[in-house]
Amino acid sequence: MRLNSIALRIVIAVIVLPALLAAAGCGGGSTATNQKITTTVNPVTATLSATPSSIQAGQSATLIWSTSNADSVTIEGLGTVAASGSQAVSPSQATTYTLTASGKGGSQQAMATVTVNALPPPPPPPTPPPPKLNGVPRSSHVVLVIEENHMFTEVFPSGMPWLASTGSTYAFANNYHADTPGSALDYYWLSSGSGELAFGCGGSGCPQPITSDNIFRELSAAGISWKLYAEGLPSVGYLGGDIGAYVERHNPAKWYSDVVTSSRLQQNVVPFTQFAADLAANQLPAYSIVIPDVNHDAMTALWDKPTRGCKAMWLRC
């Protein structure tokens, strides 16, 4: 009985051993199966843009970026940034920003450029208004037309209707007086603020040149242009006596030493016919004196019935 039991163990052992060997691949030519494992790595992507891409100095632009599969993201000049985001930048000159994204799938760069335009020049300052003197704005041209021998009340408001109407529309001086009445003396007063009695001057003229300060001297010294337009004057620079309806006593320029001794200033004394030519050519001087001859100086015009002065003066009635 014991022997059979031992024999049985041996048989069992013999049967089990080949099974184990087969399972282990031993004997009988059996081969184990080989396995291959594959790992997929996604590539790194990156985008970068600037909005707006062109700015003026002092303005800002916004950088906008996004990446994928990146472990590290940097923007040159800004340092490390989030994987996606935006940031305002204010470069002082044209700048190219470079984004670098790195990860297991490699490295990727993206660039965006912001151009900077110089500020436009500031607009010129507004033209200042002309300087004022006692509330009166400066004029580009002053034309003094001299009519004579009538009081203010004889002219205004009905003696010379057109002149009175024009004065009412714009302006007139109603407290304006000469210091010494008299034909030529009034012309001197308008030129130097005096009847110049100290030089022996009378209603018909002066026995010697007047050396007082005067409008012709002041304008010439200041470089301000002037001319005297005299009706009936025979030629430019004429400083002689009466001729035709032209009378020398009504030409104030010829009595002042500044003009008497200067051939250059004498060229500013011209016939009245030159006025129309200068006006048409836009060459009127800054200061003009217009002297009518004795047929048109209004000396008797207001009493000239029935035209009431129209034919004896230039001013419209």
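The values are calculated or read from the model by the stated rules, or taken from the named source; none is laboratory data. Just so it is clear, the model here is predicted, and its values are computed rather than measured. When we count neighbours, we look across all protein chains shown, and the Cβ atoms used for this are built from the backbone with ideal geometry, even at glycine. Ligands, DNA and RNA are excluded from the accessible area calculation, which covers all protein heavy atoms including side chains. Shrake-Rupley method; radii C 1.70, N 1.55, O 1.52, S 1.80 Å.
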Quick test for you: out of Ala253, Ala221, pick the one residue that is exposed (fewer than 13 other Cβ atoms within 10 Å of the Cβ) and at pLDDT 95 or above. Ala221
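Tally time: how many residues in the range 172-184 are under 20 Å from Asp242 (Cα atoms) and either touching a Phe, Trp or Tyr at 6+ places or on another chain (Cβ under 6 Å) or in a helix (DSSP H, G or I) (or both)? Walk me through it before giving the result.
Initial filter on the range 172-184 (under 20 Å from Asp242 (Cα atoms)): 182-184.
Checking which are either touching a Phe, Trp or Tyr at 6+ places or on another chain (Cβ under 6 Å) or in a helix (DSSP H, G or I) (or both) leaves us with 183-184.
Of the residues in that region, 2 qualify.
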Can you report the number of residues in the range 262-287 which are among the polar types (S, T, N, Q) and surrounded by 13 or more Cβ atoms within 10 Å (Cβ to Cβ)? 4
In the set Ala46, Ala70, Ala88, Ala50, the lone residue that is of a type in the set (A, V, I, L, M, F, W, C) and outside any strand (DSSP E or B) is Ala70
Residue, nearest to Ser139 (Cα to Cα), within the range 164-213, restricted to residues that are open to solvent by less than 50 Å² (accessible area, probe 1.4 Å), of a type in the set (A, V, I, L, M) and out of contact with any Ser or Thr (no Cβ under 8 Å at 6 or more places or on another chain): Ala178
Over the range 209-257, the set of residues within 20 Å of Val290 (Cβ to Cβ) and assigned to a helix (DSSP H, G or I) is Ile215, Phe216, Glu218, Leu219, Ser220, Glu248, Arg249, His250, Pro252, Ala253, Lys254, Trp255
Report, by residue number, each residue of the range 191-217 that is closer than 20 Å to Tyr176 by Cβ and either of a type in the set (D, E, K, R) or modelled with pLDDT of 95 or more (or both). Glu196, Asn214, Ile215
Any residue in the range 109-127 that's within 19 Å of Ser86 (Cα to Cα) and touching a residue at least 40 places away in the same chain (Cβ under 8 Å): show its pairings with residues that are among the small types (Gly, Ala, Ser) and part of a loop (DSSP other than H, G, I, E, B) at Cβ separation under 9 Å, as long as the two are six or more apart or on different chains. Ala112/Ser53; Thr113/Ser53; Thr113/Ala94; Val114/Ser53; Val114/Ala94; Thr115/Ser53; Thr115/Ala94
Looking at (1) touching a helix residue (DSSP H, G or I) at 6+ places or on another chain (Cβ under 6 Å); (2) of a type in the set (Ser, Thr, Tyr); (3) part of a loop (DSSP other than H, G, I, E, B), which is the only condition Tyr187 fails? (3)
Enumerate the pairs (first residue in the range 188-199 and touching a residue at least 40 places away in the same chain (Cβ under 8 Å); second residue anywhere and surrounded by fewer than 19 Cβ atoms within 10 Å (Cβ to Cβ)) with beta-carbon separation below 6 Å, excluding pairs fewer than 6 apart on the same chain, so at least 6 apart or on different chains. Ser192/Ser212
